[in-house]
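A.B. asks: One structure is given below, represented as structure tokens, and several questions about it will come after.
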Amino acid sequence: MDLLDTLVSKALDRELPTREEALAVLATTDDELLDVVAAAGRVRRAYFGRRVKLNYLVNLKSGLCPEDCSYCSQRLGSKAEILKYTWLKPDQAAAAAKAGVAGGAKRVCLVASGRGPTDKDVDRVTDTIAAIKEENEQVEICACLGLLSDGQAERLRDAGVHAYNHNLNTSETTYEDICSTHDFADRVDTVQKAQGAGLSACSGLIAGMGESDNDLVDVVFALRELGSDSVPVNFLIPFEGTPLAKEWNLTPQRCLRILAMVRFCFPDMEVRIAGGREVHLRSLQPLALHIANSIFLGDYLTSEGQAGQADLEMIADAGFVVEGSDEATLPRDREHADVAVRRRGAGTDLPPNA
């Protein structure tokens with residue numbers, strides 16, 4: 001296909017697709033699916049070889065959230081049957097993180113429900129990071145604590161946080177359809193606060209909430225503009241007891257096309273298959289590894305994932321290898337450029353020789 005040849009050529013030159021080209025990827029047919037996967041796979045291998053980065057979630061605080069995000073089982077008014085608990089103690093979180101690292105996880109993601117952390121919450125997370133680092137000094141720490149206030153990103157950085165996760169989730173024009181307690185601009189502001197403190201921006205999307213192709217392209221282009229260097233692609237798990245419980249809009253083929261579109265838009269960035277991959281990709285999960293270079297190992301926040309050992313077997317059977325702790329995830333030139341941008345502030349241009 002001329003479209004795919006063009007997209008591969010652009011990606012290898014780090015040139016972004018046009019909006020029309022991104023939409024065209026989503027509009028390809030099932031007959032063209034393997035061609036789409038193969039094209040995205042060429043880009044993935046050019047920048048990441050056959051490495052797969054493993055990430056592990058530790059849910060520090062579950063449920064009882066005051067926000068009303070329609071997709072979330074922890075939302076205000078949710079009737080979903082999930083575990084609800086307040087903050088884990090540092091030694092409990094460290095033990096959970098140790099299990100993930102033992103399974104090959106390079107990054108541990110510390111997540112807490114709520115609108116955003118108080119300063120006391122940041123102290124709790126700081127103590128937790130210290131406990132984790134005591135046994136696993138080299139592990140990357142990503143924090144996901146909600147909307148940040150001024151100065152909190154800097155405190156997390158000083159505590160040893162490498163990245164901050166805060167997803168944009170969907171397009172700005174449809175964001176109010178899924179949440180009324182905060183808006184799209186609030187999410188952008190938090191990502192920018194994290195970047196301003198020198199943290200890696202981990203920000204992605206949720207597919208399957210009834211959005212259009214235009215919405216998907218909108219949010220992906222917004223993430224590019226924002227400068228996300230780790231892009232989790234979540235596929236909605238329609239929890240009973242939430243407003244989106246009946247939104248079963250995805251097929252494995254649709255998920256692969258979405259991942260391919262994201263890869264063409266982020267050719268040399270970390271693209272992660274996140275929540276819902278087992279539910280929606282099902283037996284086509286190994287094909288997704290030819291597009292994405294990162295996955296979560298084991299369980300998610302309030303839902304069970306594929307068993308960790310099964311993930312490792314799937315990676316090996318598909319001909320991939322787990323990325324080591326001593327290997328840089330991003331291509332060296334891209335990694336250096338992104339750090340320079342984060343230190344100078346989001347939205348600025350690099351000097352010619354950066």
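Values in this text are rule-based calculations from the coordinates and carry no lab data. Please read all numbers here as calculations on a predicted model, not as lab measurements. Neighbour counts run over all protein chains shown; Cβ positions are idealised from the backbone, glycine included.
A.B. asks: Filter the range 229-265 for residues that are buried (at least 23 other Cβ atoms within 10 Å of the Cβ) and without any contact (Cβ under 8 Å) to a residue 60 or more places away in the chain; which is farthest from G198 (Cα to Cα)?
C.D. replies: Ranking the qualifying residues of the range 229-265, first place goes to C255.
A.B. asks: What strands (runs of 3 or more DSSP E), lying completely within the range 230-332, carry at least 2 residues that are within 12 Å of V52 (Cα to Cα), within 15 Å of the chain's Cα centre (by Cα) and aliphatic (A, V, I, L, M)? First the steps, then the outcome.
C.D. replies: Details: elements: 230-235, 270-273, 294-296.
Fully inside the range 230-332 and qualifying: 270-273.
Quick grid of which residues meet (1) of a type in the set (K, R); (2) over 30 Å from W87 (Cα atoms); (3) touching a helix residue (DSSP H, G or I) at 6+ places or on another chain (Cβ under 9 Å):
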| residue | (1), (2), (3) |
| --- | --- |
| V8 | no, yes, yes |
| E21 | no, yes, yes |
| L33 | no, yes, yes |
| L54 | no, no, yes |
| L57 | no, no, yes |
| D68 | no, no, no |
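A.B. asks: Out of the residues in the range 128-172 that are out of contact with any Pro (no Cβ under 8 Å at 6 or more places or on another chain), small (G, A, S) and assigned to a helix (DSSP H, G or I), state the one that is nearest to L226 (Cα to Cα).
C.D. replies: A153
A.B. asks: Can you give me the number of residues within the range 146-159 that are out of contact with any Gly (no Cβ under 9 Å at 6 or more places or on another chain) and surrounded by 17 or more Cβ atoms within 10 Å (Cβ to Cβ)?
C.D. replies: Pass one, the range 146-159, residues out of contact with any Gly (no Cβ under 9 Å at 6 or more places or on another chain): 150-151, 155-156, 158-159.
Now restrict to residues that are surrounded by 17 or more Cβ atoms within 10 Å (Cβ to Cβ): 155-156, 159.
Final tally of qualifying residues: 3.
A.B. asks: For S180, all conditions in the list (1) small (G, A, S); (2) surrounded by fewer than 17 Cβ atoms within 10 Å (Cβ to Cβ); (3) in contact with a Cys (Cβ under 8 Å, 6 or more places away or on another chain) hold save one; what is the number of the exception?
C.D. replies: The single condition S180 does not satisfy is (3).
A.B. asks: Could you grab the pairs with beta carbons closer than 6 Å, sequence gap of 6+ or different chains, first residue in the range 9-34 and over 16 Å from V262 (Cα atoms), second one surrounded by 13 or more Cβ atoms within 10 Å (Cβ to Cβ)?
C.D. replies: So the pair list comes out as D30/Q253.
A.B. asks: Let me ask something additional. Which pairs turn up if I take residues in the range 176-198 that are within 17 Å of L226 (Cβ to Cβ) and look for partners that are of a type in the set (D, E, K, R) and part of a helix (DSSP H, G or I) with beta carbon separation below 6 Å, at least 6 apart in sequence or on another chain?
C.D. replies: F184/E172; Q195/R342; A197/E154; A197/R157; G198/R157; G198/R342; G198/R343
A.B. asks: Next up: Would you check if Y175 is part of a strand (DSSP E or B), hydroxyl-bearing (S, T, Y), touching a helix residue (DSSP H, G or I) at 6+ places or on another chain (Cβ under 7 Å) and closer than 23 Å to R272 by Cβ?
C.D. replies: Numbers: part of a strand (DSSP E or B): no; hydroxyl-bearing (S, T, Y): yes; touching a helix residue (DSSP H, G or I) at 6+ places or on another chain (Cβ under 7 Å): yes; closer than 23 Å to R272 by Cβ: yes.
So Y175 fails the test.
A.B. asks: Here is a list: G160, G146. Which entry is closer than 15 Å to G114 by Cβ and touching a strand residue (DSSP E or B) at 6+ places or on another chain (Cβ under 8 Å)? Reasoning before the result, please.
C.D. replies: Values: G160 fails: closer than 15 Å to G114 by Cβ.
Selected residue: G146, the only one of G160, G146 that is closer than 15 Å to G114 by Cβ and touching a strand residue (DSSP E or B) at 6+ places or on another chain (Cβ under 8 Å).
A.B. asks: Out of the residues in the range 39-62 meeting the condition of being small (G, A, S) and surrounded by fewer than 20 Cβ atoms within 10 Å (Cβ to Cβ), tell me which one is nearest to Q309 (Cα to Cα). Spell out the reasoning first.
C.D. replies: Filtering the range 39-62 down to residues small (G, A, S) leaves 39-41, 46, 49, 62.
Now restrict to residues that are surrounded by fewer than 20 Cβ atoms within 10 Å (Cβ to Cβ): 41, 46, 49.
Details: G41: 24, A46: 27, G49: 22 Å.
Among residues in the range 39-62 that are small (G, A, S) and surrounded by fewer than 20 Cβ atoms within 10 Å (Cβ to Cβ), the one nearest to Q309 (Cα to Cα) is G49.
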